[in-house]
Amino acid sequence: MKALLQRALSAKPHRFKVTAIALAVTGALVAILSCSSHDAPANGDGAASTIDPDLAQAIDSIQAIDNHAHPVLAPPLDATEKEFDALPVSSMEPQSDPPALRSDFPLLGAAWKALYGFDSPPPLDAAGLQRLNEARGRVKAQHGEQYPAWVLDQAKIGTMLANRVAMGAGVEPPRFLWVPYVDALLFPLDNTGMAAASPDRRQFFALEELVRRRYLYAAKLSAPPPTLNAYLAQVVTPTLERQKAGGAVAEKFEVAYLRSFDFSDPPRAQVENIYARWIRGGTPDANDYKLLQDFLFRYIAAECGRLGMAVHLHAMAGAGSYFSITGVNPLLLEPVFNDPRLRRTNFVLLHGGWPYVREVGSLLQKPNVYLDISGQDLLLTPRTEAQWLREWLESEPEKVLFGSDGYPYSDEMGWPESTWIASRNARQALGIALTGMLEDGEITRNHAEEIARRVLRGNAEALYHLKQ
Ligand SMILES: [Zn+2]
């Protein structure tokens with residue numbers, strides 16, 4: 001999802017084109033949207049028209065565990081560091097901008113009010129941005145290295161899983177738990193052919209090469225070893241073990257940006273030959289290379305299971321205009337989930353699988369499959385999200401996790417704003433879905449509160465063994 005944001009960052013020409021009318025509308029919407037969560041508007045789709053006020057209060061009081069986000073290090077490092085993402089590209093090809101990532105998104109004002117104490121949000125122009133940055137600067141100076149933890153407090157998040165290349169100042173346990181990136185291990189051969197697929201993939205593979213070199217360096221190697229067995233023993237397994245020893249609770253694949261979820265199960269001998277042939281150089285045959293990647297994906301997933309780390313997969317359409325929406329269909333992963341050798345590995349499909357929300361829901365019946373709602377609770381409205389959230393909660397309430405996908409999307413929407421908005425929206429979506437179930441007599445009030453606590457916290461505690 002990260003890359004969405006960079007595109008938003010690159011869309012700077014739009015930033016100051018907000019008209020006076022738009023500002024007036026924005027102000028009015030902020031006044032509406034900043035109300036407490038039980039004031040969700042009515043609609044005629046059969047869902048709860050308002051959130052039960054007692055349930056809303058209970059939901060608001062829960063200190064959440066955020067399954068997926070990209071926190072930025074504490075000041076002053078936050079001004080320059082880039083390790084909050086393995087693929088922090090700044091110039092993806094243009095795509096349609098979702099309204100939530102535009103500079104006139106109404107909830108931005110509500111977030112600024114909550115985070116920085118504005119009575120009324122600053123205007124969306126150069127002077128307003130300066131006022132905003134001055135207010136941010138005061139809060140950062142006040143909290144220093146504790147600023148990232150302060151951000152979590154404002155969003156009612158007790159613990160955040162930090163999907164970062166490396167951890168650092170202010171983004172450390174116990175408030176932040178590490179989820180490193182593992183895609184670079186999937187692509188040990190010459191990636192010229194893979195990179196040629198699209199302008200976006202050209203950038204992505206160049207960035208993956210940096211991570212790959214970092215992992216080789218940590219393994220005290222300057223190039224991948226000549227045999228597959230040596231590559232697994234000297235690079236892949238030691239990288240995963242080193243990250244586990246460094247506190248990692250899961251490994252993150254962004255592979256959907258790089259190729260499809262169609263992972264076959266080739267014989268090891270065939271893959272050993274492919275590796276040995278192409279590791280010496282040259283652009284590998286595309287079919288051969290796919291088999292090697294397929295093998296490595298299953299090997300890494302099995303190792304994560306052995307080491308007690310979950311596997312996170314970016315699983316939604318986008319970002320980027322060249323993103324393969326066909327390739328991210330989660331049903332393509334069913335053979336992986338059904339592989340008996342991988343039943344010790346827990347997989348978490350990030351971002352709720354959108355638009356494959358029903359497909360992803362059906363996969364939750366498998367004992368090793370979970371999903372989170374990160375990103376959805378920023379990019380979609382609570383009422384829209386609540387439709388399939390209710391469906392998931394009616395069938396698999398132990399498999400759904402809250403996540404924010406907090407990320408430094410733009411000058412206006414930093415990781416504090418996106419985290420705060422997602423936490424607010426997720427609680428509203430939960431409130432709408434659970435109030436509907438309550439009104440229809442499907443669950444008791446106690447059961448509704450229990451499900452809310454599971455989604456916001458308890459399911460992550462169980463999955464990552466966080467409970468004392
Ligand atoms: Zn993300």
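The values are calculated or read from the model by the stated rules, or taken from the named source; none is laboratory data. Bear in mind the structure is a predicted one, so any value in this text is a computation, not a measurement. Don't worry about glycine lacking a Cβ; one is built from the backbone with ideal geometry, like all the others, and counts go over all protein chains shown. To get the accessible areas, we keep the full protein, side chains included, count just its heavy atoms, and leave off ligands, DNA and RNA. Shrake-Rupley method; radii C 1.70, N 1.55, O 1.52, S 1.80 Å.
Residues in the stretch 193-210 that are basic (Lys, Arg) and either open to solvent by 50 Å² or more (accessible area, probe 1.4 Å) or in contact with a Cys (Cβ under 9 Å, 6 or more places away or on another chain) (or both): Arg202 only. For the stretch 421-463, filtered to residues that are touching a residue at least 12 places away in the same chain (Cβ under 8 Å) and among the acidic types (Asp, Glu), the residue that is most open to solvent (accessible area, probe 1.4 Å) is Glu439.
Only a single item in (1) touching a helix residue (DSSP H, G or I) at 6+ places or on another chain (Cβ under 6 Å); (2) crowded, with 17+ Cβ neighbours inside 10 Å; (3) modelled with pLDDT of 90 or more is not met by Ala135, and it is number (2). Selection within the stretch 369-404: residues that are over 19 Å from Thr435 (Cβ atoms) and over 17 Å from the mean Cα position of the chain (by Cα). The member of this set that is least open to solvent (accessible area, probe 1.4 Å) is Glu396. Among the residues making up the stretch 88-105, those that are in a loop (DSSP other than H, G, I, E, B) and open to solvent by less than 50 Å² (accessible area, probe 1.4 Å) are Pro88, Val89, Met92, Asp97, Pro98, Ser103, Phe105.
Does Leu313 satisfy the criteria of being over 22 Å from Val455 (Cβ atoms), crowded, with 21+ Cβ neighbours inside 10 Å and among the aliphatic types (A, V, I, L, M)? So Leu313 fails the test.
Annotation: of all residues in the stretch 157-171 being part of a loop (DSSP other than H, G, I, E, B) and over 18 Å from the mean Cα position of the chain (by Cα), the one that is surrounded by the fewest Cβ atoms within 10 Å (Cβ to Cβ) is Ala169. Out of the stretch 232-269, which residues are in contact with a His (Cβ under 9 Å, 6 or more places away or on another chain) and of a type in the set (Gly, Ala, Ser)? Across the stretch 232-269, the qualifying residues are Ala250, Ala256.
In the set (1) crowded, with 22+ Cβ neighbours inside 10 Å; (2) within 16 Å of the ligand (Cβ to nearest atom); (3) at pLDDT 95 or above, the condition left unmet by Val255 is number (1).
Taking residues in the stretch 74-93 that are over 24 Å from Pro173 (Cβ atoms), and partners anywhere that are aromatic (Phe, Trp, Tyr), the pairs with Cβ atoms closer than 6 Å and at least 6 places apart or on different chains are Leu87/Phe204.
When the stretch 421-468 is filtered for residues that are among the acidic types (Asp, Glu) and over 26 Å from Asn346 (Cβ atoms), the ones remaining, listed by number, are Glu439, Asp440, Glu442. Going by the conditions given, is Gly353 in contact with a Pro (Cβ under 9 Å, 6 or more places away or on another chain), open to solvent by less than 30 Å² (accessible area, probe 1.4 Å), under 28 Å from Phe337 (Cα atoms) and among the small types (Gly, Ala, Ser)? When the stated conditions are applied, Gly353 passes them. Which residues, taken from the stretch 309-346, are within 16 Å of the ligand (Cβ to nearest atom) and not β-branched (Val, Ile, Thr)? Scanning the stretch 309-346 gives Ala310, His312, Leu313, His314, Ala315, Met316, Ala317, Gly318, Ala319, Gly320, Phe323. For the stretch 329-336, check the following and say yes or no: at least one residue is farther than 29 Å from Asn425 by Cβ and either open to solvent by 10 Å² or more (accessible area, probe 1.4 Å) or at pLDDT below 95 (or both). Yes, that holds for at least one residue. With the condition kept exactly as written, say whether any residue in the stretch 45-58 is at pLDDT 95 or above, of a type outside the set (A, V, I, L, M, F, W, C), open to solvent by less than 50 Å² (accessible area, probe 1.4 Å) and in a loop (DSSP other than H, G, I, E, B). Checked the stretch 45-58: at least one residue is at pLDDT 95 or above, of a type outside the set (A, V, I, L, M, F, W, C), open to solvent by less than 50 Å² (accessible area, probe 1.4 Å) and in a loop (DSSP other than H, G, I, E, B).
The set of residues in the stretch 106-120 being part of a loop (DSSP other than H, G, I, E, B) and open to solvent by 30 Å² or more (accessible area, probe 1.4 Å) consists of Gly117, Asp119, Ser120. Can you confirm whether the stretch 180-192 contains a residue that is open to solvent by less than 50 Å² (accessible area, probe 1.4 Å), of a type in the set (A, V, I, L, M) and either modelled with pLDDT under 95 or assigned to a loop (DSSP other than H, G, I, E, B) (or both)? Within the stretch 180-192, one or more residues are open to solvent by less than 50 Å² (accessible area, probe 1.4 Å), of a type in the set (A, V, I, L, M) and either modelled with pLDDT under 95 or assigned to a loop (DSSP other than H, G, I, E, B) (or both). For the stretch 405-419, the set of residues classified as surrounded by fewer than 24 Cβ atoms within 10 Å (Cβ to Cβ) and in a helix (DSSP H, G or I) consists of Trp415 only.
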